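In what follows, a structure is listed as structure tokens, so that the remarks can point back to it.
The values are calculated or read from the model by the stated rules, or taken from the named source; none is laboratory data. Nothing here was measured: the structure is a model prediction, and the numbers come from that model. Don't worry about glycine lacking a Cβ; one is built from the backbone with ideal geometry, like all the others, and counts go over all protein chains shown. Side chains included, ligands, DNA and RNA excluded: accessible areas come from the protein's heavy atoms. Shrake-Rupley method; radii C 1.70, N 1.55, O 1.52, S 1.80 Å.
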Amino acid sequence: AEVTANWFEGPDPRPESALTGVEYQAFQPSGSAFENLVVTDPSSWIMEGTGLKAGAQIPGANGSEFDRYVPGAPAPENFAIVCHSPITSVVGPSYSDMGYYTVKGGGGVFASGTASFVNRLWANPGALPVPFAPRPIAGVTAPLTRITTNVLAEFAKGPVTAGRPSEANWRGFYGPGSTAPPPVDVP
């Protein structure tokens with residue numbers, strides 16, 4: 001019953017969206033440039049101290065593989081989208097969603113929405129191979145570092161539900177009947 005498989009496959013399907021709030025969607029076409037992370041909720045505590053406003057873009061921070069909130073998939077109803085970014089994929093245009101949610105027991109879950117988030121935290125001076133740690137792009141490392149610091153500091157205080165409960169806003173991005181194509185397996 002506990003065989004290793006993709007999250008959404010049998011014999012015990014449990015899509016990752018039930019845990020993370022977002023679901024893997026696809027990857028970018030070979031040779032595509034990384035795309036911008038677009039801020040949609042600058043009032044979120046996650047964005048505090050970044051100086052970013054609604055519509056601000058963090059260049060090249062979104063790419064490779066990406067996740068998004070999928071209405072109708074098993075996911076927390078109180079998922080709050082902080083960044084909603086258009087992205088090109090092998091299955092066509094889509095979105096990458098950064099957000100979080102909290103649970104009654106006090107915990108919280110943050111999802112960056114992109115596989116590039118971690119490697120963009122380091123301003124690689126050329127010490128590591130570029131595919132693993134891309135060269136720095138002006139205006140990327142500092143806001144992502146601040147976002148990470150905000151999340152870790154808030155979660156470290158204890159039950160995040162007490163001070164920063166999530167409020168669902170995903171319906172403002174995905175209307176009734178919205179769906180996403182099924183996830184694409186990496187070849």
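Rounded to the nearest 0.05, what FRET efficiency is calculated for residue 4 and residue 53 with R0 set to 35 Å and r the Cβ-Cβ distance? Approximately 0.20, to the nearest 0.05. Give the carbon-plus-sulfur fraction of the accessible surface of the chain in %, rounded to a whole number; probe 1.4 Å, heavy atoms of protein chains only. Reported share for carbon and sulfur atoms: 60 percent.
With a ≥ b ≥ c taken as the square roots of the eigenvalues of the C-alpha gyration tensor of the stretch 18-73, please select rounded if a/c is under 1.5 and otherwise prolate if a/b is larger than b/c or oblate if it is not?
Details: a/c = 2.77, a/b = 1.20, b/c = 2.31.
Oblate, since a/c reaches 1.5 and b/c is not below a/b.
Using a probe of 1.4 Å on the protein chains alone, the accessible area found for residue 68 is around 20 Å².
Which of rounded, prolate, oblate describes the stretch 10-154, given a ≥ b ≥ c as roots of the alpha-carbon gyration tensor eigenvalues and a/c under 1.5 marking rounded, otherwise prolate only if a/b is larger than b/c? It is oblate, given that a/c is not under 1.5 and a/b is not larger than b/c. Computed over protein heavy atoms with a 1.4 Å probe, the accessible surface of the chain works out to 50 Å² per residue.
In this structure, the amide hydrogen of residue 114, modeled 1.01 Å from its nitrogen in the peptide plane, lies closer than 5 angstrom to those of 67, counting only residues at least 5 positions away or on a different chain.
Here each label is just a point 7 Å from Cα along the line to Cβ, and for residue 18 and residue 179 those points are 2.0 nm apart. Less than 5 angstrom separates the built amide H of residue 89 from those of 94, all sequence-distant by 5 or more or on a different chain. Under 5 Å between amide hydrogens, built in the peptide plane, is the criterion, and for residue 23 it picks out 68, 69, 70 among residues at least 5 positions away or on other chains.
For the chain, what is the mean residue ellipticity at 222 nm derived from helices alone (per DSSP H run of n ≥ 4: -39500 (n - 2.57); sum divided by total residues; nearest 500 deg cm²/dmol)?
Details: 3 runs with 24 residues, N = 187.
One gets -3500 deg cm²/dmol as the mean residue ellipticity at 222 nm.
Couplings 3J(HN,Hα) for the stretch 92-106, derived from phi with the Karplus relation 6.51 cos²θ - 1.76 cosθ + 1.60 (θ = phi - 60°), are x, x, 7, 9, 10, 10, 9, x, 7, 8, 10, 10, 4, x, x Hz, where x marks Gly and Pro.
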